[in-house]
Structure formats: C-alpha cells, structure tokens
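Scroll down for the structure; my scribbles are underneath it.
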Amino acid sequence: MDRARLAEFLRSRRTAMQPEEVGLPRGQRRRTGGLRREEVAALSDMSTDYYSRIEQQRGPRPSEQMLAAIARGLRLSLEERDHLFQLGGYPVPRRVRRAEHVNPGMMRIFDGLGDSAAQVVSDLGETLRQTRLASALLGDETGHTGLARSLHYRWFTNPASRHIHPEEDHPGHSRLLASDLHRAYTRAGRDSRAGEIVAALLARSTEFAGLWRDHPVTGPYCAPKRIRHPRLGLLELHCQVLLDPDQSQSLLVFTATPGSESAEKLRLLSVVAGQGF
C-alpha cells in the first residue's frame, strides 16, 4: 500500500468533482471547487472519520470493499478504479466483475433522478443501483447474490420473482428476458458469465430451454409494464431506456401517462417509499 500516493489520488479526484455532478447543491458558503470529505464519505456509505483518515494517511489499510465503495462514490472510471486498488496494495479486480461498477457517465445521470423510479442494470439483468422510488415499486433488487443477482436467472428459477406482474403478462416477459440474455451471450461467448447463466438455466428451466432453441432476438427494448404493487394495486407504466455506449449497462426510468390513475399511484410511491413490501 502506498499511503501517500493513495491519499494524493483521492484528493485529486475529490477536488476535481463538482457538487452538481452528484446531485448536490453548491451552496453559498462553498469557497472552493470540488467536494468536501464528508460529501465523499456520504456518497461512499462510510463515516467521514474513516474517509478522512485515508486522505490523512492515518488508520488501518482500507479493505477491497471500502476501496470499491470509494470508487463508486467518486464516480471513478474502471481505469481509475484499477489504479485505486493498486495504490491500496490489491490486485486489479477482474474485469468479469465489471457489472458491479456503474459507469461514471451513467452514474451522473442516475444521480439526477432521485425523484423518479429509476435503476441501473447490467446486460445480464443485475440491478446495480435503484432510487428509493424504484425500490418501493419493484422491491430491493440489489441484495441478491450469485446467479440470482440476474433477473434473467431469477425469473426462470424462482416463481416469487414473477408475482409483481399479472400472470397473463408472463409469456411476454419470458421471451423478452430470454432475448436479452441471448444478446449478451452472443456478444460475450460461452466462457463468460452470460454463458454460465445460460448453462444453468438450460439445466433447470424447460421454459427457458424452449425459448432458447428459438434463438430469440430483439433490440434493447423495455416494453410497457403492468406492475402489481401490494399497497397501490395495478400500475400501468412505460419504461424509458438509456443504453450506455459500450452496451454493458442500461438506465431504466419508469413513467406513467400524465393524469392517469397510474400516474397518481406513482406519485403516492413517495409516501410508501422505504416501507417495503
């Protein structure tokens, strides 16, 4: 671990980032550019004291988990994240774990959607970040582990993952998810995480196997969705998609037709947000 260069690197990235880039107000009392230490700590889900100790070259060596959290908080690129790990004395994270790291440009847009039902997902259906309204609408999709991190996998192996959608909509969702996984598999190949998910689903799901034999192909399209919320009932929503240039991640934003009953229910989500299902 190179404490001095690690501290210097963090300070350089902190002072280069502007509050507006992460959805924070600049305020009249801010005399210098960049973020404050306490702001970076909050964005990284850690205490101000812990983060400050790293910049001040004090305290214990930060773990890989802490460095990954700081990389997310500072919106580092993959190359900058790799450099951060090297300064911390750790091997560079394997790029097959790329989906755990939200691309900086996508993260900046996501930061401005705090009042919307929005989430960032990988090309394997792994939810990386959710706004509190998205969590209230869909449930927390970020806590799954292993293959179950992928909605594609959960949909075909865990019946509970389908409960928020009316049963008559299930066949359409199945085909879209199979097509989405097919696109990722074609791009990444058999010896990839997509290949691992496909192999597991072919072994466990006859429904998926049937769809896979048909070579399902569609574009990166998020169809209108009907979602059954346990407290608000049925919502009919549109889904807008922003695809990252390298096609590894997508930003999904759920909206409703203005003036509709679903729009009013979507507004009421702000009341039930954080209360769970």
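Here residue 251 meets the list (1) modelled with pLDDT of 90 or more; (2) part of a strand (DSSP E or B); (3) closer than 22 Å to residue 166 by Cβ almost entirely, failing just condition (3).
I'd like the full set of residues that are aliphatic (A, V, I, L, M), under 22 Å from residue 239 (Cβ atoms) and assigned to a helix (DSSP H, G or I), limited to region 149-192.
Here is the first cut: in region 149-192, the ones aliphatic (A, V, I, L, M) are 151, 160, 164, 176-178, 181, 184, 188.
Going one step further and asking which of them are under 22 Å from residue 239 (Cβ atoms), we end up with 151, 160, 164, 176-178, 181, 184.
151, 160, 176, 177, 178, 181, 184, listed by residue number.
The set of residues in region 64-91 being more than 18 Å from the chain's Cα centre (by Cα) and not in a helix (DSSP H, G or I) consists of 88, 89, 90, 91.
The condition of being surrounded by 14 or more Cβ atoms within 10 Å (Cβ to Cβ) and touching a strand residue (DSSP E or B) at 6+ places or on another chain (Cβ under 8 Å) holds for only one of 165, 182, 173, that being 165.
Checked across region 10-19, the condition of being of a type in the set (Val, Ile, Thr) and either over 21 Å from residue 107 (Cα atoms) or in contact (Cβ under 8 Å) with a residue 24 or more places away in the chain (or both) holds for no residue. Given the structure, is residue 72 of a type outside the set (A, V, I, L, M, F, W, C), crowded, with 18+ Cβ neighbours inside 10 Å and not assigned by TED's automatic domain parsing to the domain that holds residue 183? When the stated conditions are applied, residue 72 passes them.
The one condition from (1) farther than 19 Å from residue 114 by Cα; (2) within 23 Å of the chain's Cα centre (by Cα); (3) in a helix (DSSP H, G or I) that residue 50 does not meet is (2).
Out of curiosity, is residue 232 of a type outside the set (Val, Ile, Thr) and either outside the structural domain of residue 194 (by TED's automatic domain parsing) or in contact with a Pro (Cβ under 6 Å, 6 or more places away or on another chain) (or both)? When the stated conditions are applied, residue 232 does not pass them.
Given the criteria surrounded by fewer than 18 Cβ atoms within 10 Å (Cβ to Cβ) and free of Cβ contacts under 8 Å to residues at least 60 places away in the same chain, does residue 191 qualify?
It is true that residue 191 is surrounded by fewer than 18 Cβ atoms within 10 Å (Cβ to Cβ) and free of Cβ contacts under 8 Å to residues at least 60 places away in the same chain.
Return the residue satisfying two criteria in turn: it lies in region 2-47 and is outside any loop (DSSP other than H, G, I, E, B), more than 20 Å from residue 83 (Cβ to Cβ) and among the aliphatic types (A, V, I, L, M), and of such residues it is nearest to the chain's Cα centre (by Cα). Looking at residues that are outside any loop (DSSP other than H, G, I, E, B), more than 20 Å from residue 83 (Cβ to Cβ) and among the aliphatic types (A, V, I, L, M), I get 22.
The values are calculated or read from the model by the stated rules, or taken from the named source; none is laboratory data. Remember, predicted model here, so these are calculated numbers, not experimental data. Using ideal geometry, Cβ is built from the backbone for each residue, glycine included, and neighbour counts are taken over all protein chains shown.
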